[in-house]
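Notes to accompany the following structure.
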Amino acid sequence: MAGRSRSWGRAGTALLALLVAALLLSWVWAQFAPSRVREVEGAAPVTIRVEVLNGSGEGGVAGRLASYLREGGYHVVAVGNADRTDYFATLVVARDEDPAAALAVARYLGGPPVIRQTLGSDQADVTVVLGSDRSRLRLNP
């Protein structure tokens, strides 16, 4: 009986180790292989248009973020200041009904929160509002 419980314990430990390894690999894949284009069924990939707004109060950070997004294959259509300079958290705003583009941008930046605010903008699919937590963003390719 003791031998049977030991072998089951080893098998359980091995199964748990495989599960942890699979979860770790899944996380690594999500962090380092973000989707940069929105796939539309039956059509060619669509470039994601991004507007970058500085809500942190620190000059120049929106331009740096715009350069990083361009390096990642995103089409930055506008760079400017937000309506105020005291945003605490960086936000990624989905401008379309489908939040896939905003989720892709958020993954590329390291996971800031995504909110929906569909305005039917012809200019941008996604707006990034930089907050004072901008140092937490992943801005190195």
Just one listed residue, out of ARG49, ARG134, is surrounded by 15 or more Cβ atoms within 10 Å (Cβ to Cβ), in contact with a strand residue (DSSP E or B) (Cβ under 8 Å, 6 or more places away or on another chain) and basic (Lys, Arg), and it is ARG49
Between residues in the range 84-96 that are more than 19 Å from ARG107 (Cα to Cα) and free of Cβ contacts under 8 Å to residues at least 60 places away in the same chain and residues that are aliphatic (A, V, I, L, M) and part of a strand (DSSP E or B), which pairs lie under 6 Å by C-beta distance while being six or more apart or on different chains? TYR87/VAL129
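Looking at VAL79, VAL128, which one is in contact (Cβ under 8 Å) with a residue 60 or more places away in the chain and among the β-branched types (Val, Ile, Thr)?
On the way: VAL79 fails: in contact (Cβ under 8 Å) with a residue 60 or more places away in the chain.
Among VAL79, VAL128, only VAL128 is in contact (Cβ under 8 Å) with a residue 60 or more places away in the chain and among the β-branched types (Val, Ile, Thr).
Given the options TYR87, TYR108, TYR74, name the one that is buried (at least 19 other Cβ atoms within 10 Å of the Cβ), out of contact with any Leu (no Cβ under 6 Å at 6 or more places or on another chain), of a type in the set (Ser, Thr, Tyr) and over 30 Å from SER26 (Cβ atoms).
On the way: TYR108 fails: over 30 Å from SER26 (Cβ atoms); TYR74 fails: over 30 Å from SER26 (Cβ atoms).
The conditions single out TYR87.
For every residue, the table says whether it meets (1) under 14 Å from the mean Cα position of the chain (by Cα); (2) closer than 20 Å to GLY72 by Cβ; (3) modelled with pLDDT of 95 or more; (4) of a type in the set (A, V, I, L, M, F, W, C).
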site	(1), (2), (3), (4)
THR90	yes, yes, no, no
ARG95	no, yes, no, no
GLY111	yes, yes, no, no
SER121	no, no, no, no
ALA124	no, yes, no, yes
Is there a residue being more than 15 Å from LEU137 (Cα to Cα), part of a loop (DSSP other than H, G, I, E, B) and touching a Gly at 6+ places or on another chain (Cβ under 9 Å) anywhere in the range 70-81? no
Say whether the condition of being at pLDDT 80 or above and under 15 Å from VAL129 (Cα atoms) is met by at least one residue in the range 7-17. no
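The values are calculated or read from the model by the stated rules, or taken from the named source; none is laboratory data. The shown structure was predicted, so the numbers you read here are calculated from the model rather than taken from an experiment. Please note: Cβ atoms are built from the backbone with ideal geometry, for glycine as well, and neighbour counts cover all protein chains shown.
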